[in-house]
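The values are calculated or read from the model by the stated rules, or taken from the named source; none is laboratory data. Source: prediction; values computed, not measured. Positions of Cβ are generated from backbone atoms using ideal geometry, with glycine treated the same way; all protein chains shown enter the neighbour counts.
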């Protein structure tokens, strides 16, 4: 990543992409095992929960793979052929720095205190 998080977010992401990338970061932070991969099923569940909880139109409900592909094209994630998120690309910045930059944008400010609950019971470790 060549830009700092705020510049990247402002330049490359529309509001729902900001929310989706925030969901990816939330899953990465709260998945029980600290691993590189992020399960897209967990991301989708968190995305739909956030949309319902905060009354946000879920524009990616039927086009979730397409949405992940767009984030990959922006250089924010890597996905494999099965659409598993194999890596979240943070560049020289930490997850905290990316999240804090994201929360500066109005559509994501309300998500700061959101803690995901995973249906597959993968647990949390904040």
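Name the residue, out of 50, 77, 85, that is over 22 Å from residue 104 (Cβ atoms) and either in contact with a helix residue (DSSP H, G or I) (Cβ under 8 Å, 6 or more places away or on another chain) or free of Cβ contacts under 8 Å to residues at least 24 places away in the same chain (or both).
85
Check every one of the helices (runs of 4 or more DSSP H) wholly within the stretch 1-81 and list those with 2 or more residues that are surrounded by fewer than 16 Cβ atoms within 10 Å (Cβ to Cβ).
Helices (runs of 4 or more DSSP H) meeting the threshold: 5-12, 40-53, 64-73.
Would you please name the residue that is modelled with the highest pLDDT, looking only at residues in the stretch 32-72 that are within 18 Å of residue 98 (Cβ to Cβ) and more than 14 Å from the chain's Cα centre (by Cα)?
35
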